[in-house]
1. I'd like to know if segment A:44-58 contains one or more residues that are surrounded by 14 or more Cβ atoms within 10 Å (Cβ to Cβ), at pLDDT 90 or above and more than 21 Å from A:LYS276 (Cβ to Cβ).
2. Considering only residues that are within 20 Å of A:ALA125 (Cα to Cα) and surrounded by fewer than 17 Cβ atoms within 10 Å (Cβ to Cβ), which ones fall in segment B:93-109?
3. Pull up segment A:108-151, narrow it to residues that are aromatic (Phe, Trp, Tyr) and open to solvent by 20 Å² or more (accessible area, probe 1.4 Å), then point me to the one that is nearest to the chain's Cα centre (by Cα).
4. Could you say which residue among A:THR55, A:THR45, A:THR37 is over 26 Å from the mean Cα position of the chain (by Cα), away from every other protein chain (no Cβ under 14 Å) and either of a type in the set (Ser, Thr, Tyr) or closer than 30 Å to A:PHE183 by Cα (or both)?
5. Name the helices (runs of 4 or more DSSP H) wholly inside segment B:1-117 in which the number of residues that are modelled with pLDDT of 85 or more, of a type in the set (A, V, I, L, M) and under 23 Å from B:LEU258 (Cα atoms) is 3 or more.
6. Within segment B:122-149, work out how many residues are within 7 Å of another protein chain (Cβ to nearest Cβ) and either closer than 27 Å to A:TYR232 by Cα or assigned to a loop (DSSP other than H, G, I, E, B) (or both).
7. Taking the criterion of being buried (at least 16 other Cβ atoms within 10 Å of the Cβ), touching a Gly at 6+ places or on another chain (Cβ under 8 Å), modelled with pLDDT of 90 or more and in a loop (DSSP other than H, G, I, E, B), would at least one residue in segment B:151-171 satisfy it?
Amino acid sequence: MRKGQYRFVAGFLFVPVALYLIFVIWPYIQTFGYSLTDWKGQSQTFEFVGIDNYTALVRDDIFMGAIWHNILFLVFIPVITILLALFFAFMLNAGGRGRAGGVSGVAGSKFYKVVYFFPQVLSLAILAVLFGAVYRSDGGGMLNGFLVKLGLVDANDPIEWLNEPNLVLWALILVVVWHGVGFYLVLFSAAMQSIPRDIYEAALIDGASRTHTFLRITLPLLWDSVQTAWVYLGIAAMDMFILVSTMTSGEYGGGPDHHSEVMSTVMMRNFLYYGKSGYACAMGVVMLLLTLIVSVVMLRATRRERIEF
Amino acid sequence: MSAPLKTTSYGDSVPTSPPPDGRPGKPDGDRGEGVVLNVFSHGFLALWALLIVLPLLWLVLSSFKTDSQIAGSAFGWPQNWSLDVFSRAWDKGIGDYFLNTVLVLAFSVPLTMLFGSMAAYVLARYQFWGNRLLYYFFVAGAMFPVFLALVPLFFMVKRLDMLNTYQGLILVYVAYSMPFTVFFMHAFFRTLPTAVFEAAILDGASHTRTFFQVMLPMAKPGLISVGIFNTLGQWNQFILPTVLMQPQSGDDPERYVLTQGLIQLQQQQGYASDLPVLFAGVTIAMIPMLVVYLSFQRQVQAGLTSATLK
């Protein structure tokens, strides 16, 4: 490479690398260091305390409970979202059938794809306000109002969706699923459309039913996208900060009585409310480790032989 | 049907001849399963569409109701259709939050595209020592949860004296958008033909000029995808402004972005109940996204999908 080129390369890289280094990489690295201190964040004075923060974490019932809730999210959010998205994607791309040899979507599939995707472009903050209203604990909430109308719920004693310890996690899962299905539907649709049509036609001629077609042809050929979806949803389930912190009670959410606490809310409360920066950093490190473990486990668990077509 | 082409794929563009009555034709006779499944699946598809649309419509309608109407019953029809509530919501802060968001994005999105493309271009098309290393260094950032960085990031921005400033948030947005942008544009620049590049250089264009006048225009489709992705992502960002955009002292003005402001309004609603204003605020926040989405829905869907797959 000539001299002028070096100058050009260096010139083009300087600003992006500097920004990235200062605001992303360096903070990531610092977190590990701070997690070993008793830093309160107010001043620059802190003591090295070794792994004290980590041992305290293990004894922190709230944080341990939060990990458990994250695990519940991790199990239910991807499974429900992916199953619904797969079902809809199949219906919209190959559900309509009947014309000789035709494999196509059901009528109106374009319309459905546009509508289903819409929640994806709304911010989670909008979702939080919207579902806060839907879950209102009186007849004015959409869900309670509906159930009262159907006579399933007593108007004087409606369900407190977000304050019922046994319901709050499910109420949150519903929001995430509502938000995500459309996106994964489109993702799976894109993958389905790259499957050659003659495979389906051959299956049709052989008299395969729709269920068979789906299980034996579509799903195996989609496995790569399902795997991607699984990892993405898993990472989202490890976060959940916005919804929990804004929809549930308590400082940075987590209520009632820590029944909806997730790692990110405990961390933010310790950092911004209690000012325990070092402790919060230790939580950040634990979140990183768990996220990495989750990604690796999910990738391994869903590994299949790649099918070329 | 004779000799189907290998390249044909089924999908939403398939029907070669639409059924005369606009409905899917009769099942092949021997398939009773088809009818049941059709009714079932159509019902289910329509139900999900309703589940998406109804809450949103209900929320927009609620902004035309009064407080007592909202608390009373979920299904009352609004009585006064005055748009006054929207201007009230705008005055109550939504206007400021909206403008703050627009102001930040007006700088952060173009800068993200510029710096991201510059780094991606150099990494994709020039050989130099450490190239691969630098590339992985950029891409690795996408793997870590942002929570890992929050505490030190807060103090880093504080040390730079940029807490609760637009420029601080802009720089942080640009930095955190870098991994995906570099990753995506890197793949894109690699696919561009070398011949055009060589022709430009032979014609005496400098490397910088070649980038801005030849390569960047050719990468336009990729830039659009990345642009949509970053706009949506930064517009909807919540956690970074929550940590970085808080008034630092009594006379430090509030510079909340839209997502933050909505949550703020929601929390205030506990003290001074004015729910229609909150709902009107959400409606105002929703409309630009709805318009962008409906006008570019193909690109938005394609952009976000390829963002995940690659």
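The values are calculated or read from the model by the stated rules, or taken from the named source; none is laboratory data. Because the structure is predicted, anything quoted here is derived from the model rather than measured. Every residue, glycine as well, gets a Cβ built from its backbone with ideal geometry; the counts of neighbours run over all protein chains shown. What goes into the accessible areas is simple: the full protein's heavy atoms, side chains included, and nothing from ligands, DNA or RNA. Shrake-Rupley method; radii C 1.70, N 1.55, O 1.52, S 1.80 Å.
1. Pass one, segment A:44-58, residues surrounded by 14 or more Cβ atoms within 10 Å (Cβ to Cβ): A:46, A:49, A:52-54, A:56-57.
Those left that are additionally at pLDDT 90 or above: A:52-54, A:56-57.
Pick out the ones that are also more than 21 Å from A:LYS276 (Cβ to Cβ) and you get none.
For segment A:44-58, residues surrounded by 14 or more Cβ atoms within 10 Å (Cβ to Cβ), at pLDDT 90 or above and more than 21 Å from A:LYS276 (Cβ to Cβ): absent.
2. B:GLY95, B:LEU99, B:VAL102, B:LEU103
3. Here the residue is A:PHE118.
4. Among A:THR55, A:THR45, A:THR37, only A:THR55 is over 26 Å from the mean Cα position of the chain (by Cα), away from every other protein chain (no Cβ under 14 Å) and either of a type in the set (Ser, Thr, Tyr) or closer than 30 Å to A:PHE183 by Cα (or both).
5. Counting at least 3 such residues, we get B:32-62.
6. So the answer is 10.
7. Looking through segment B:151-171, at least one residue is buried (at least 16 other Cβ atoms within 10 Å of the Cβ), touching a Gly at 6+ places or on another chain (Cβ under 8 Å), modelled with pLDDT of 90 or more and in a loop (DSSP other than H, G, I, E, B).
One line per residue, one yes/no per condition, for (1) at pLDDT 90 or above; (2) open to solvent by 50 Å² or more (accessible area, probe 1.4 Å):
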| residue | (1), (2) |
| --- | --- |
| B:GLY222 | no, no |
| B:SER225 | no, no |
| B:PHE238 | yes, no |
| B:TYR256 | yes, no |
| B:GLN260 | yes, no |
| B:GLY270 | no, yes |
| B:PRO276 | no, no |
